[in-house]
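One structure is given below, encoded as structure tokens.
Read-outs: derived from the displayed coordinates by stated rules, not from any lab. Keep in mind the model is a prediction, meaning the values are calculated, not measured.
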């Protein structure tokens, strides 16, 4: 697409790094974000006891907290309980709760809900030394992976997984469209695991690009899109830097990217480490050009930053990430 300035994309902050002990919309956390140029927030919301929906009073308080300091309460992260449940009344009750939460989000002006379908835990099994004494989390596919214990959801076949996804999308996306709330799916982390890994045939295996195409085609409209984690997507690719541009371009042209998670890796499919954004295999400048030209209009959030004992909450690392993203946005817009 022809190069053109993009004044809509912006750096965002979320639940991965929270300053202080008084919650994500506390004055100290919002001021931490603002000091680093972050004016858009994605928050998690506690659920009511006994599995009820989001508390409207809590949502309003969070929105008011943001409004007082001029921060946009842009998105809410939803839990993954629905996808862990087999077909039956409990799953349908959870789905009804989700439909109610979509309406509650719209009532306070939040128009993005992000979510992460996990029937087995996110996998990390290695640690590597990084620059300045930091530590990089990583993953290597185990030689004996077939002997790993089955996850709490039991055996979930590919057919089961896609039935759950289709049921969710066919019921939720029309309601989301009615309330102008975009649903943004984060890939399972890591993609490309062999079928049967801990009992699961994960939806983004064996090919994450083909899985993304299948997912967005089930209900093909603007409200069924992705929280595209660049690092997670790269973990499922044999040649991440050359392959990821096609995925970003495909979804960007179709208006299916609702939020970006920006983290970088060394390695690729079945063997990787999460590193600082300026030292991995992904060329973020090239990716940002695609986001610029496809007029991506959401947050770009640093994610999975390396940790250090002197920075237990990750505030230093995420501050670096915020500045890095803001510089990238300014640099690609300065080209046109």
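Some values worked out for this structure:
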{"quantity": "The chain: most fluctuating residue of 148, 30, 315 per GNM, C-alpha cutoff 10 Å", "calculated": "148"}
{"quantity": "For the range 71-178, convex hull of alpha carbons as volume per residue, Å³", "calculated": "142"}
{"quantity": "Within a Gaussian network of the chain (alpha carbon springs, distance under 10 Å), most fluctuating of 306, 56, 149", "calculated": "149"}
{"quantity": "Solution diffusion estimate, µm²/s, Stokes-Einstein, the range 179-336, Kirkwood Rh from C-alpha pairs, 20 °C, viscosity 1.002 mPa s", "calculated": "133"}
{"quantity": "Equivalent ellipsoid dimensions for the range 200-261 as semi-axes, Å, which come from the Cα gyration tensor, largest first", "calculated": "18, 15, 10"}
{"quantity": "Structure-derived P(r) over Cα pairs in 10 Å bins from 0, in percent: which label, when the choices are [x] 5, 21, 24, 20, 15, 10, 4, 1, 0; [y] 6, 28, 37, 23, 5, 0; [z] 6, 25, 35, 27, 6, 0", "calculated": "[z]"}
{"quantity": "Considering only the chain, percent of DSSP beta bridges that pair antiparallel, nearest 5", "calculated": "35"}
{"quantity": "GNM result for the chain, Cα springs below 10 Å: residue of 125, 29, 264 fluctuating most strongly", "calculated": "125"}
{"quantity": "Computed Kirkwood radius, in angstrom, where 1/r is averaged over Cα pairs of the range 32-90", "calculated": "13.5"}
{"quantity": "Potential lengthening between residue 96 and residue 8 on full extension [0.36 nm per residue; Cα-Cα distance subtracted]", "calculated": "28.4 nm"}
